[in-house]
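Notes follow once the structure below has been shown.
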Amino acid sequence: MPMIPSDRPGLRNRLTDVCGLRVGNAHDAALASGVTVVTADAPFAAGVHIMGGAPGTRETELLAPDRLVQQVDALVLSGGSAFGLDAASGVMDGLRAQGRGYQVAGKSVPIVPAAILFDLANDGAKDWDANPYPGLGRAALQAATPDFALGSQGAGMGATTVNFAGGLGSASWVLEGGATVGALVAANPVGSVTVGQGPHFWAAPFEWQDEFGGLGPAPRADYAAPPVTKLAREATTLAIVATDALLTQAQLTRMAIAAHDGMARAIVPSHTQFDGDIVFAISTGTGPAASARDMVALGHAAATCLARAIARAVYLSNPPACMSRPAYRDAHLRLD
């Protein structure tokens with residue numbers, strides 16, 4: 001049966017509606033930064049696609065379809081710019097202690113790709129003597145569960161947009177053919193998720209019920225106006241889309257490419273030279289294999305879920321007191 005979108009998200013409206021996935025967050029409010037980890041009880045297939053001009057990544061080359069290793073043990077999204085890449089080391093240590101990893105020469109080597117966003121200039125305390133991100137990574141792994149908080153959490157703790165705090169967002173969708181699609185995002189873009197200086201989200205046409213306020217599209221929008229952006233080099237949106245449909249790494253790469261449309265629907269401008277925008281796509285493989293027609297529906301659902309997740313990340317934000325950009329819902333009172 002073709003996977004035609006149904007009329008509902010999953011029960012949690014989160015990435016973890018894809019059965020078997022768990023998400024863990026760890027953060028430090030004084031640091032105004034954190035880490036988010038996605039894992040499962042068994043390794044899972046993953047692909048990746050990068051559209052931003054300033055990415056920071058680790059082990060993403062392993063996700064190409066022609067590479068030896070076809071599955072990963074976890075994915076890491078982290079704040080901290082290049083320092084945050086070390087969060088993957090903490091996750092690897094935790095997985096190794098569990099006996100997880102790719103088996104080679106009698107040894108277990110956990111496969112943990114990672115990507116980072118820039119939150120070093122958000123007024124949090126960044127004067128550490130020892131890199132805090134390995135500890136945050138291991139703590140996020142230990143906290144991984146199907147139920148997790150959104151907003152100013154994990155990798156989204158210190159995230160910002162041009163006018164509001166950013167955050168961690170998630171959304172899901174169920175397809176009539178039986179597959180589930182979910183998205184997880186740490187939204188920290190150069191651009192804006194709302195139209196101009198108003199409260200209406202660019203992603204409004206894709207909103208499910210009132211999951212990010214229910215305001216609907218902006219009554220007027222000058223789409224040709226110059227975009228409103230924050231200072232360069234303070235950016236990057238990191239995303240993971242997932243499905244239980246059985247996909248190859250090549251198909252997952254195509255799904256990641258399609259999901260980037262969700263960023264463009266929710267962030268203006270997106271994929272700039274100063275963003276490191278990246279989408280990982282993962283499959284737990286518990287469902288049926290996907291046909292070419294199924295891939296169209298899966299890609300559309302992934303993009304739609306990602307757009308919704310970005311708006312939810314900002315809508316649910318509650319940033320630490322040290323940060324200057326307000327929470328969307330606090331500022332909304334002044335925008336009405």
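Any read-out appearing in this document is the output of simple, stated calculations on the displayed coordinates, not a laboratory observation. Quick caveat, the model's predicted, so the values are computed rather than measured. Reconstructed Cβ throughout: ideal geometry from the backbone, glycine too, with neighbour counts over all protein chains shown.
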* With an 8 Å cut-off on Cα pairs and a minimum separation of 6 or more residues, tell me the relative contact order of the stretch 1-133 in percent. => 25
* Structure fact -> Per-residue ellipticity at 222 nm attributable to helices in the chain (runs of n ≥ 4 DSSP H, -39500 (n - 2.57) apiece, nearest 500 deg cm²/dmol) works out to -7000 deg cm²/dmol
* 14 Å cut-off, amide nitrogen to a point 7 angstrom out along Asp41 Cα→Cβ, residues in the stretch 264-303 -> 286
* To do: Report, by chain and number, residues whose modeled amide H sits under 5 Å from the one on Ser152, excluding near sequence neighbours (fewer than 5 apart, same chain).
  => Leu168, Asn318
* Structure fact -> If the chain between Ala292 and Asp222 were fully extended at 0.36 nm per residue, the gain over the current Cα-Cα distance would be 21.5 nm
* Stretched out fully, how many nm does the piece from Ala105 to Arg8 gain, at 0.36 nm a residue minus the Cα gap? -> 30.2 nm
* **Hydrodynamic radius (Kirkwood) for the stretch 212-336, which is based on Cα pairs only, to one decimal in Å** => 16.5
* Structure fact -> Sequence order, the stretch 183-195: Karplus ³J(HN,Hα) from phi using 6.51 cos²θ - 1.76 cosθ + 1.60, θ = phi - 60°, Hz rounded, Gly and Pro as x, gives 9, 9, 8, 9, 9, 8, x, 4, x, 10, 9, 10, 7
* **Charge sum, other residues only, whose C-beta stays under 12 Å from Leu168's C-beta, Lys/Arg counted +1 and Asp/Glu -1** => +2
* Asked: Counting only residues 5 or more places away or on other chains, whose amide H sits under 5 Å from the amide H of Phe274 once H atoms are built in the peptide plane?
  -> Gly53
* Between the stretch 10-88 and the stretch 202-250, how many Å separate their Cα centres? -> 19
* **Entry for percent of Cα pairs over 35 Å apart (calculated from the structure that is shown) out of (i) 19; (ii) 39; (iii) 14** => (iii)
* To do: Tabulate in residue order the Karplus-calculated ³J(HN,Hα) for the stretch 206-215, using 6.51 cos²θ - 1.76 cosθ + 1.60 with θ = phi - 60°, rounded to whole Hz; enter x for Gly and Pro.
  => 9, 5, 9, 6, 10, 5, 9, x, x, 6
